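**Q** I'd like to ask some things about the structure below.
The values are calculated or read from the model by the stated rules, or taken from the named source; none is laboratory data. Because the structure is predicted, anything quoted here is derived from the model rather than measured. Please note: Cβ atoms are built from the backbone with ideal geometry, for glycine as well, and neighbour counts cover all protein chains shown.
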Amino acid sequence: MRSRSGGRTITVGIIGATGYAGGELVRLLLNHPNVKLAGLYGRNRDHQPIAASHPHLSGSGLVIDQAIPEADAVFTALPHGIAAGMAADIVARGSALFDIGPDFRLHDPADYPRWYKFEHPSPELLAQAVYGLPELHRDQMRAAVDGPNTIIGLPGCYPTATILTLAPLARAGLIADLVVDAKSGASGAGREPRADLLFSEVNESVKAYAMFSHRHTAEMEQELQQQGERGPLASREANPGVAMVDFLPHLIPMTRGILTSCHVRPTRPVTQDELDTLYAEAYRDEPFVQFVADPPSTKQVLGSNMCRVWCRVDPRTGRVLAIGVIDNLIKGAAGQAVQALNVVFGLPETTGLEGYPIAP
């Protein structure tokens, strides 16, 4: 059983350190005052310097090993289905597991063959996992450290931006119909070489993909339905629009960033004053969510763990437009993982994440 940090050093291992999210996680943890990296693991990369995968981290002197690290916390940044098979061994050693992949995000084991095409090998662990979006599940994450198996399923990048953008509306039971139109930089597609991600294919082009089938849709529906159930109406019928989210992602020619545009037909007429109050109250005390007066851009959050959200009612149509932006590799992956580590181990939530966005 793990205990709160009490200011002590937390040992951390990373499995899957060679991808984009893994590299960002290494970079952030190297600057974390309460963390000691206990080891990096990469398949078929025994004794390989981290600089081979991430030249910008060459000064760290870190080397990848094939021995899974023993540590207070283990992060997995792996293709879907792999972390689920390793989880039982990791938690049996007494490590808290933070999965940056999708293997512990969805609560229902039946959702995995539907969305990810594999049978979950550890449904008993899946039942204990907490969805690691601190703004929604902070108390559950804090309580997880007292259980026999601490497993945090960290959210995907599109769901992080979309759920934070829509959560106040969902809690108020205001989503009658929902269309999510989102754009992501190319780093969101991962680091594996693919012909459709070559510079000459992506540059000066925008394309929609995974129409009607993007895997992150399941997270959006799961979490937004839960927010409605916890709101004042306390009913699964409170937000009929979140049971079947229309989600259309796009790949755009930039390296990193996500912008999600959420088109909502409300369950009843709303005023701008009501929306302003909902969002201000929801995010007043959140260190990494800003409710802003003007439509945000991805450049405003680049390199930071910040999410910026904006919401307006169209006085002509009565529809609501809500927009959110994040850096997909920070708040959408590695930064959120560090934020979750801080929550679970009782550290100030902003520890190691205080940096401002990068501009220009």
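**Q** Can you tell me which residue is nearest to G132 (Cα to Cα) among those in region 36-70 that are of a type in the set (S, T, Y) and surrounded by 17 or more Cβ atoms within 10 Å (Cβ to Cβ)?
**A** Applying the filter and picking the extreme gives Y41.
**Q** Output yes when any residue across region 337-353 is of a type in the set (D, E), over 27 Å from L78 (Cα atoms), modelled with pLDDT of 95 or more and not assigned by TED's automatic domain parsing to the domain that holds H32, and no when none is. Reasoning before the result, please.
**A** As a first pass, look at region 337-353 and keep what is of a type in the set (D, E): 349.
Then keep just the ones that are over 27 Å from L78 (Cα atoms); that gives none.
Within region 337-353, not a single residue is of a type in the set (D, E), over 27 Å from L78 (Cα atoms), modelled with pLDDT of 95 or more and not assigned by TED's automatic domain parsing to the domain that holds H32.
**Q** Given the conditions (1) surrounded by 24 or more Cβ atoms within 10 Å (Cβ to Cβ); (2) under 17 Å from the mean Cα position of the chain (by Cα); (3) more than 30 Å from G13 (Cβ to Cβ), which single one is not true for C262?
**A** Here C262 meets the rest and fails (2).
**Q** Mind counting the residues in region 88-105 that are aliphatic (A, V, I, L, M) and more than 19 Å from A334 (Cα to Cα)?
**A** So the first thing to find is which residues in region 88-105 are aliphatic (A, V, I, L, M), and the list is 88, 90-92, 96-97, 100.
Now drop any that are not more than 19 Å from A334 (Cα to Cα), which leaves 88, 90-92.
Total meeting the criteria: 4.
**Q** Still on this structure: Sort through L164, L154, L133 and tell me the only one that's farther than 25 Å from P109 by Cβ and touching a residue at least 24 places away in the same chain (Cβ under 8 Å).
**A** Of L164, L154, L133, the one residue that is farther than 25 Å from P109 by Cβ and touching a residue at least 24 places away in the same chain (Cβ under 8 Å) is L164.
Matching residues to (1) of a type outside the set (A, V, I, L, M, F, W, C); (2) in the same structural domain as D276 (by TED's automatic domain parsing):
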site	(1), (2)
N149	yes, no
A167	no, yes
R171	yes, yes
G188	yes, yes
R191	yes, yes
L198	no, yes
M211	no, yes
P240	yes, yes
H250	yes, yes
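**Q** Look through region 71-100, keep the residues that are modelled with pLDDT of 95 or more and under 19 Å from R191 (Cα atoms), and return whichever of them is surrounded by the most Cβ atoms within 10 Å (Cβ to Cβ).
**A** The selected residue is F75.
**Q** Let me ask something else about it. Which ones in region 314-342 are within 17 Å of A167 (Cβ to Cβ) and of a type in the set (V, I, T)?
**A** V320, I323, V325, I326
**Q** If you don't mind, another one. Collect the residues in region 199-215 that are more than 12 Å from L251 (Cβ to Cβ) and without any contact (Cβ under 8 Å) to a residue 60 or more places away in the chain, keeping them in residue-number order. Let's see the steps before the verdict.
**A** Initially, region 199-215 is screened for residues more than 12 Å from L251 (Cβ to Cβ), giving 199-200, 204, 211-213, 215.
Once the filter is applied, which keeps residues that are more than 12 Å from L251 (Cβ to Cβ) and without any contact (Cβ under 8 Å) to a residue 60 or more places away in the chain, region 199-215 yields F199, S200, E204, M211, F212, S213.
**Q** Where residues in region 207-221 are of a type outside the set (D, E, K, R) and buried (at least 21 other Cβ atoms within 10 Å of the Cβ), which of them is nearest to G332 (Cα to Cα)?
**A** Ranking the candidates gives H216 first.
**Q** What are the residues in region 195-224 that are of a type in the set (D, E, K, R) and more than 18 Å from R114 (Cβ to Cβ), if any?
**A** The answer is D196, E201, E204, K207.
**Q** Please enumerate the residues belonging to region 122-134 that are surrounded by fewer than 19 Cβ atoms within 10 Å (Cβ to Cβ) and assigned to a helix (DSSP H, G or I).
**A** Listed by number, the residues that qualify are P123, E124.
**Q** Take the conditions assigned to a loop (DSSP other than H, G, I, E, B), at pLDDT 90 or above and in contact with a helix residue (DSSP H, G or I) (Cβ under 6 Å, 6 or more places away or on another chain) and apply them to T260. Does it pass?
**A** No; evaluated as a whole, the condition is false for this residue.
**Q** Then there's this: Can you tell which of L197, L164, L154, L224 is surrounded by 15 or more Cβ atoms within 10 Å (Cβ to Cβ), closer than 24 Å to A334 by Cα and modelled with pLDDT under 95? Give the steps one after another, and end with the answer.
**A** Numbers: L164 fails: modelled with pLDDT under 95; L154 fails: modelled with pLDDT under 95; L224 fails: modelled with pLDDT under 95.
One residue alone meets the criteria, L197.
**Q** Next question. List pairs: first residue in region 347-360 and of a type in the set (A, V, I, L, M, F, W, C), second residue surrounded by 15 or more Cβ atoms within 10 Å (Cβ to Cβ) and part of a loop (DSSP other than H, G, I, E, B) anywhere in the structure, Cβ distance under 6 angstrom, at least six positions apart or on different chains.
**A** Every condition considered, the pairs that remain are L347/S5; L347/N34; L353/N305; I358/L302; I358/G303.
**Q** What is the number of the single condition among (1) buried (at least 17 other Cβ atoms within 10 Å of the Cβ); (2) part of a loop (DSSP other than H, G, I, E, B) that T317 does not meet?
**A** (1)
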